[in-house]
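Inspection log for the structure reproduced underneath, given as structure tokens.
The values are calculated or read from the model by the stated rules, or taken from the named source; none is laboratory data. As the structure is a computational prediction, the values presented were derived from the model and not from experiment. Glycine gets a Cβ as well: all are built from the backbone with ideal geometry, and neighbour counts include every protein chain shown. These area figures cover heavy atoms from the full protein model, side chains too; ligands, DNA and RNA do not enter into them. Shrake-Rupley method; radii C 1.70, N 1.55, O 1.52, S 1.80 Å.
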Amino acid sequence: MRWLRENFFGGWASGVFTLLLILILWKALPPFIDWAFLDAVWRPDPKACRAGEGACWGFIAEKHRFILFGTYPYELHWRPAIATVLLIGLWIFSAFRVFWKWWLSIVWLVGLTLIGILMWGGIFGMRYVENERWGGMILTLLLTTFGLAFAFPLSILLALGRRSDMPVIRALCVGYIELIRGVPLISLLFMASVMLPLFLPSGVTIDKLLRAQIAMILFAAAYLAEVVRGGLQAIPQGQYDAAHALALPYWRRTCLIILPQALRISVPPLVNTFIGFFKDTSLVLIIGLFDLLSTIKISLQDRTWTGFGVEAYLFASLVYFAFCFAMSRYSRSFERK
Amino acid sequence: MIEMIKVSKWFASFQALKEVDLAVGRGEKVVVCGPSGSGKSTLIRLVNRLEAHQEGRVIVDGVELTDDPRAIDTVRREVGMVFQSFNLFPHLTVLENLTLAPVWVKRVPRKEAEETAMHFLARVRIPEQAAKYPSQLSGGQQQRVAIARALCMRPKLMLFDEPTSALDPEMIKEVLDVMVELAREGMTMMVVTHEMGFAKTVADRVVFMDGGRVVEAAPPAEFFGAPKTDRARLFLSQVLGH
């Protein structure tokens, strides 16, 4: 009782807000529960869905294969399924500090190779599947994984370059960052998919997925570079003085003294950018790649199932939320150390 | 050991040092004092090129400091420095602070570097703190770690830039004691400080600076007993007066 009074009715303002909130929940929660659970139709039966009042989870049940795996050949869905689990497993495994050893990179290399073999196939009697047909969950996760794996190191180099004593390097880095930041991701993706092939010598082709991936890496690197630069600027001059006085050369000074401190300071805004990037992968939709959100959108175009957008997007939100919330909680626990 | 010939230094249009001449011999202990803004810190930071001079010559242990990175590197390997704000590396333990430069600059095997580090930690009387992080230590302890960190590089010359100015009064003595001991062992030292007691007991020479110039340079008995200039007399009355 006392805890209740102190936390919810500490003052008149807090009391009013508590009452207001209870009122809103009272009005909103029961209808939502009715809709989402009590009146919901769970069977994949469009007629029952249209007749009923509640949510049509049958739609998700019916379309979950396409939503999760996109246009990947139906009978081979076990391959992206294992790849997805493997990739998520790799992320979870890497979250534990005790595994932060040199061999973690070997684990990743082996893991990603396995994922590649599963997704492409073509060996061990597995049918070859060109990456134009990859889609759904695994595409979102792969775009994020490779995007961050390349963009983050690149962003560190850009941030260091922007603070370099060498005018040419500094100008190049500033130019790059400002140019990319000044352009929306959508237009970068369009450029990558439409313009890039025009610049390539004839005969050389880069597939659509790789082009999108490159555009996303370039985009994320510019944003992350500014976050890293913020961390670098927070390092006091005294740290540089001490490193100079000990005769530490540039790269050792940077890697052993400056970056470990700067990156630690940057964890909250870095995770913020990571989360944004994870969600931005959904923009590949516009150049015809079917990530998780695109597959949902396409599922909705099925004549028999039109009109169940709320359920579909709620499902997408939950999936995105699960990943983003996990990232955010992890960063919180990381900051406390 | 250190030779400065007509050294001048500007920060934008402000001239911090004006044709300073100064020589420090091997094994000599020189205390630099003077009012704030007189250029003492700038002077000491020229010796390991934390600041670059624009005119004149600075020669340290036979190597002239120019823009040449190799010359700068050679000098920095021979010169240890202790700062007013300690400048320990906060993300590393005390032991890691001490072994970092020997391992990564001098390529000393880690085990040997750790032995050296423990030796110097014992010398500054805090061997039990080796596994702690700097933030867990008092100011006096941190400054003693900073001294040990510089000594681990086996320098020929030690620079001290106001090593006790950021310390609480009760911690000043523990740092000065370590410095006095170091001086007794014959280390060449250049010390910027307001601790006139330290200057009297340890210094071979006191250099008094004002307005970017060396105004007086004399053995402590002479400098404290009979300062030649009015500015030095005024400074001493202010520093010793209370």
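Tally the residues that are in a helix (DSSP H, G or I) and open to solvent by 10 Å² or more (accessible area, probe 1.4 Å), restricting the search to the range B:164-177.
First, the residues of the range B:164-177 that are in a helix (DSSP H, G or I): B:169-177.
Cutting the leftovers down to open to solvent by 10 Å² or more (accessible area, probe 1.4 Å) gives us B:169-174, B:176-177.
Residues in the range B:164-177 being in a helix (DSSP H, G or I) and open to solvent by 10 Å² or more (accessible area, probe 1.4 Å): 8 in total.
What helices (runs of 4 or more DSSP H), lying completely within the range B:185-242, carry at least 1 residues that are acidic (D, E) and more than 24 Å from B:L151 (Cβ to Cβ)?
Output list reads B:220-225, B:230-240.
Give A:I88, A:I67, A:I92 a once-over and let me know the one that is open to solvent by less than 90 Å² (accessible area, probe 1.4 Å) and at pLDDT 85 or above. Talk me through it step by step, then tell me what you get.
Numbers: A:I67 fails: at pLDDT 85 or above; A:I92 fails: open to solvent by less than 90 Å² (accessible area, probe 1.4 Å).
Just one listed residue meets the conditions, A:I88.
Hey, can you tell me all the residues within the range A:249-271 that are touching a Phe, Trp or Tyr at 6+ places or on another chain (Cβ under 7 Å) and either open to solvent by less than 10 Å² (accessible area, probe 1.4 Å) or more than 23 Å from B:E51 (Cβ to Cβ) (or both)?
At the first step, the residues of the range A:249-271 found to be touching a Phe, Trp or Tyr at 6+ places or on another chain (Cβ under 7 Å) are A:252, A:256-257, A:267.
Within the range A:249-271, A:L256, A:I257, A:V267 qualify.
Against the condition of a type in the set (S, T, N, Q), farther than 24 Å from B:A23 by Cβ, more than 11 Å from chain A (Cβ to nearest Cβ) and open to solvent by less than 70 Å² (accessible area, probe 1.4 Å), how does B:T93 come out, does it pass? Can you show your working first?
On the way: of a type in the set (S, T, N, Q): yes; farther than 24 Å from B:A23 by Cβ: yes; more than 11 Å from chain A (Cβ to nearest Cβ): yes; open to solvent by less than 70 Å² (accessible area, probe 1.4 Å): yes.
It is true that B:T93 is of a type in the set (S, T, N, Q), farther than 24 Å from B:A23 by Cβ, more than 11 Å from chain A (Cβ to nearest Cβ) and open to solvent by less than 70 Å² (accessible area, probe 1.4 Å).
In the range A:255-290, which residues are part of a helix (DSSP H, G or I) and within 14 Å of chain B (Cβ to nearest Cβ)? Reasoning before the result, please.
Taking the range A:255-290 and keeping what is part of a helix (DSSP H, G or I), we get A:255-265, A:267-287.
Answer for the range A:255-290, where residues must be part of a helix (DSSP H, G or I) and within 14 Å of chain B (Cβ to nearest Cβ): A:C255, A:L256, A:I257, A:I258, A:L259, A:P260, A:Q261, A:A262, A:L263, A:R264, A:I265, A:V267.
Among residues belonging to the range B:66-90 that are free of Cβ contacts under 8 Å to residues at least 12 places away in the same chain and assigned to a loop (DSSP other than H, G, I, E, B), point out the one that is farthest from the other protein chains (Cβ to nearest Cβ).
Among those residues, the one meeting the criterion is B:T66.
Can you tell me which of B:R49, B:R57 is within 14 Å of chain A (Cβ to nearest Cβ) and without any contact (Cβ under 8 Å) to a residue 60 or more places away in the chain? Show your work before the answer.
On the way: B:R57 fails: within 14 Å of chain A (Cβ to nearest Cβ).
Being within 14 Å of chain A (Cβ to nearest Cβ) and without any contact (Cβ under 8 Å) to a residue 60 or more places away in the chain holds for just one of B:R49, B:R57, which is B:R49.
For the range A:291-309, how many residues meet the condition of being open to solvent by 30 Å² or more (accessible area, probe 1.4 Å), of a type in the set (V, I, T) and touching a helix residue (DSSP H, G or I) at 6+ places or on another chain (Cβ under 9 Å)?
So the answer is 2.
Of all residues in the range B:1-43 being outside any strand (DSSP E or B) and under 20 Å from B:G186 (Cβ atoms), which is most open to solvent (accessible area, probe 1.4 Å)? I'd like the intermediate steps shown before the answer.
So in the range B:1-43, the residues outside any strand (DSSP E or B) come out as B:1, B:12-13, B:25-28, B:34-43.
Still in the running and under 20 Å from B:G186 (Cβ atoms): B:1, B:25-28.
Numbers: B:M1: 38, B:G25: 28, B:R26: 166, B:G27: 26, B:E28: 37 Å².
For the range B:1-43, the residue satisfying everything is B:R26.
Considering each of A:V85, A:V129, A:V107 in turn, give the residue that is among the aliphatic types (A, V, I, L, M), free of Cβ contacts under 8 Å to residues at least 60 places away in the same chain and part of a loop (DSSP other than H, G, I, E, B).
Numbers: A:V85 fails: part of a loop (DSSP other than H, G, I, E, B); A:V107 fails: part of a loop (DSSP other than H, G, I, E, B).
So the residue among A:V85, A:V129, A:V107 that is among the aliphatic types (A, V, I, L, M), free of Cβ contacts under 8 Å to residues at least 60 places away in the same chain and part of a loop (DSSP other than H, G, I, E, B) is A:V129.
Yes/no per residue for (1) open to solvent by less than 50 Å² (accessible area, probe 1.4 Å); (2) within 27 Å of A:F152 (Cβ to Cβ); (3) under 19 Å from the mean Cα position of the chain (by Cα); (4) at pLDDT 90 or above:
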residue: A:A247; (1), (2), (3), (4): yes, no, no, yes
residue: A:T273; (1), (2), (3), (4): yes, yes, yes, yes
residue: A:V284; (1), (2), (3), (4): yes, yes, yes, no
residue: A:L289; (1), (2), (3), (4): yes, yes, yes, no
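Of B:V63, B:V20, B:V103, which residue is within 14 Å of chain A (Cβ to nearest Cβ), out of contact with any Cys (no Cβ under 9 Å at 6 or more places or on another chain), more than 30 Å from A:A262 (Cβ to Cβ) and among the hydrophobic types (A, V, I, L, M, F, W, C)?
Details: B:V20 fails: within 14 Å of chain A (Cβ to nearest Cβ); B:V103 fails: more than 30 Å from A:A262 (Cβ to Cβ).
Answer to the selection: B:V63.
Conditions (1) out of contact with any Leu (no Cβ under 6 Å at 6 or more places or on another chain); (2) open to solvent by 70 Å² or more (accessible area, probe 1.4 Å); (3) in a helix (DSSP H, G or I), marked per residue:
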| site | (1), (2), (3) |
| --- | --- |
| A:G10 | yes, no, no |
| A:A13 | yes, no, yes |
| A:F17 | yes, yes, yes |
| A:L20 | yes, yes, yes |
| A:R43 | yes, yes, no |
| A:K47 | yes, yes, yes |
| A:G58 | yes, no, yes |
| A:K63 | yes, no, yes |
| A:P80 | yes, no, yes |
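Is it the case that B:P220 is over 17 Å from the mean Cα position of the chain (by Cα) and either closer than 24 Å to B:E78 by Cβ or surrounded by fewer than 23 Cβ atoms within 10 Å (Cβ to Cβ) (or both)? So that I can check it myself, show each step before the final result.
Working: over 17 Å from the mean Cα position of the chain (by Cα): yes; either closer than 24 Å to B:E78 by Cβ or surrounded by fewer than 23 Cβ atoms within 10 Å (Cβ to Cβ) (or both): yes.
Considered against the rule, which asks whether it is over 17 Å from the mean Cα position of the chain (by Cα) and either closer than 24 Å to B:E78 by Cβ or surrounded by fewer than 23 Cβ atoms within 10 Å (Cβ to Cβ) (or both), B:P220 comes out as yes.
Name every residue in the range B:91-106 that is among the hydrophobic types (A, V, I, L, M, F, W, C) and part of a helix (DSSP H, G or I), in order of residue number. Let's see the steps before the verdict.
Narrowing the range B:91-106 to residues among the hydrophobic types (A, V, I, L, M, F, W, C): B:92, B:94-95, B:98, B:100-101, B:103-105.
Hits for the range B:91-106 are B:V94, B:L95, B:L98, B:L100, B:A101, B:V103, B:W104.
Could you check the range B:131-163 and list, in sequence order, the residues that are part of a helix (DSSP H, G or I) and in contact (Cβ under 8 Å) with a residue 40 or more places away in the chain? Can you show your working first?
As a first pass, look at the range B:131-163 and keep what is part of a helix (DSSP H, G or I): B:134-136, B:139-151.
Scanning the range B:131-163 gives B:P134, B:S135, B:G139, B:Q142, B:Q143, B:V145, B:A146, B:I147, B:A148, B:R149, B:A150, B:L151.
Take the residues of the range B:107-124 that are part of a loop (DSSP other than H, G, I, E, B) and surrounded by 15 or more Cβ atoms within 10 Å (Cβ to Cβ): which is nearest to the other protein chains (Cβ to nearest Cβ)? Walk me through how you get there before you give the answer.
Taking the range B:107-124 and keeping what is part of a loop (DSSP other than H, G, I, E, B), we get B:107-109, B:124.
Now drop any that are not surrounded by 15 or more Cβ atoms within 10 Å (Cβ to Cβ), which leaves B:108, B:124.
On the way: B:V108: 13, B:V124: 17 Å.
Taking the candidates together, the pick is B:V108.
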